[in-house]
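The values are calculated or read from the model by the stated rules, or taken from the named source; none is laboratory data. None of these values were measured; they are calculated from a predicted model. A quick note on method: Cβ atoms are made from the backbone with ideal geometry, for glycine too, and the neighbour counts reach across all protein chains shown.
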């Protein structure tokens, strides 16, 4: 089904393969202002782990604590976000009963203070005392329910439910330096080790943007997953759209947006067939000048979602000056407002706390956050 429908229809529909809803201009006037400041975290003469720019960190469901995993030491740094200070360092192990594994791509924390460590095709779950509870492997034949095919894997940056019972991820083809087709959404029951796969055929179009550099490493467009109170949101860096899985209604909705400030899709079609460095360089240059959409950030207090996007503003000599555009949506992903802004978010670690956007900043090798507080005047 690809018909336009009203919001009333959403409450009537049973599960289907995907509804498409086109969101165009702002329906009503929307104005807001922001207050911006910067806060620094007091580490009390300790050095924090900054090698990955907080890529292996997470915020507790109540947004009171930031957990930063130093996978080299290894230890877990716990920061009180109300007091803005380090309060505890928990020792971990590489292997054994507290083993985090040989490689860590990310972490999550649950309401019960359970730690979920994302490794290569596996997730290690620790209780609040950091004694390993179990390891969930995601390769073929490891999960019950829908089968993970050979060559399929989870993309980085999954979402874990607050109670720790489920994990939500984008699944795709690819291994190591090779990138394949992005396929859809995976719902994993961590208690029963079962998986349900939801195919999103439109994601396969990302494959056309893969470029191979001279070292054999492939680079492509990003796919993101975000969670609100009742929805899972899948989006990409290449298209001004989102796929909303309404968990209550078991329904997938395809929403297509329109921007007055940026293109609505990447127009270039880079190819990896050519082995000529000049062709690869031209593709990378073209790629860098085209629109780029960021991930969705959920503001629970104001029940809104923010997304930053970027597009070519002008050329300064041979350099591209990019503009930053903020788009604001309601909790059902109806587009409310967009405007060009002078501030941004940190791709590595950004989150809303008490209605304020926190974005990580390395301030002279100290941990800091730029805070953007919105004042809505609807």
Pairs where the first residue, in segment 21-50, is over 19 Å from residue 343 (Cα atoms) and the second is surrounded by 14 or more Cβ atoms within 10 Å (Cβ to Cβ) and modelled with pLDDT under 85, C-beta under 8 Å, 6+ apart: 21/5; 41/48
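Within segment 126-160, work out how many residues are in contact (Cβ under 8 Å) with a residue 40 or more places away in the chain and in a loop (DSSP other than H, G, I, E, B).
Summing the residues that are in contact (Cβ under 8 Å) with a residue 40 or more places away in the chain and in a loop (DSSP other than H, G, I, E, B) in segment 126-160 gives 10.
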Here, strands (runs of 3 or more DSSP E) confined to segment 36-125 with at least 1 residues that are closer than 20 Å to residue 347 by Cβ are 57-59, 65-70, 75-80, 106-109, 115-119
Could you tell me which residue of segment 348-373 is surrounded by the fewest Cβ atoms within 10 Å (Cβ to Cβ), considering only residues that are in a loop (DSSP other than H, G, I, E, B), out of contact with any strand residue (DSSP E or B) (no Cβ under 7 Å at 6 or more places or on another chain) and in contact (Cβ under 8 Å) with a residue 24 or more places away in the chain? 365
Return yes or no: is residue 259 outside any loop (DSSP other than H, G, I, E, B) and modelled with pLDDT of 95 or more? no
Selection from segment 184-213 of residues at pLDDT 95 or above, touching a helix residue (DSSP H, G or I) at 6+ places or on another chain (Cβ under 7 Å) and closer than 15 Å to residue 238 by Cα yields none
Inspect all residues belonging to segment 268-280 and state whether any of them is touching a helix residue (DSSP H, G or I) at 6+ places or on another chain (Cβ under 6 Å), modelled with pLDDT under 90 and part of a strand (DSSP E or B). no
Among what's in segment 286-308 and is in contact with a strand residue (DSSP E or B) (Cβ under 6 Å, 6 or more places away or on another chain) and assigned to a loop (DSSP other than H, G, I, E, B), pick the residue that is modelled with the highest pLDDT. 291
Starting from residues that are within 14 Å of residue 78 (Cβ to Cβ) and at pLDDT 95 or above, keep the ones in segment 91-113 and report whichever is surrounded by the fewest Cβ atoms within 10 Å (Cβ to Cβ). 113
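Please state which one of 205, 165 is surrounded by fewer than 19 Cβ atoms within 10 Å (Cβ to Cβ) and closer than 24 Å to residue 114 by Cα.
165
How many residues are in a strand (DSSP E or B) and surrounded by 17 or more Cβ atoms within 10 Å (Cβ to Cβ) when one looks only at segment 336-347? Lay out the reasoning, then the answer.
In the first step, residues of segment 336-347 are kept if they are in a strand (DSSP E or B); the result is 336-341.
Retained after the next criterion (residues that are surrounded by 17 or more Cβ atoms within 10 Å (Cβ to Cβ)): 336-338.
Residues flagged as in a strand (DSSP E or B) and surrounded by 17 or more Cβ atoms within 10 Å (Cβ to Cβ) within segment 336-347 amount to 3.
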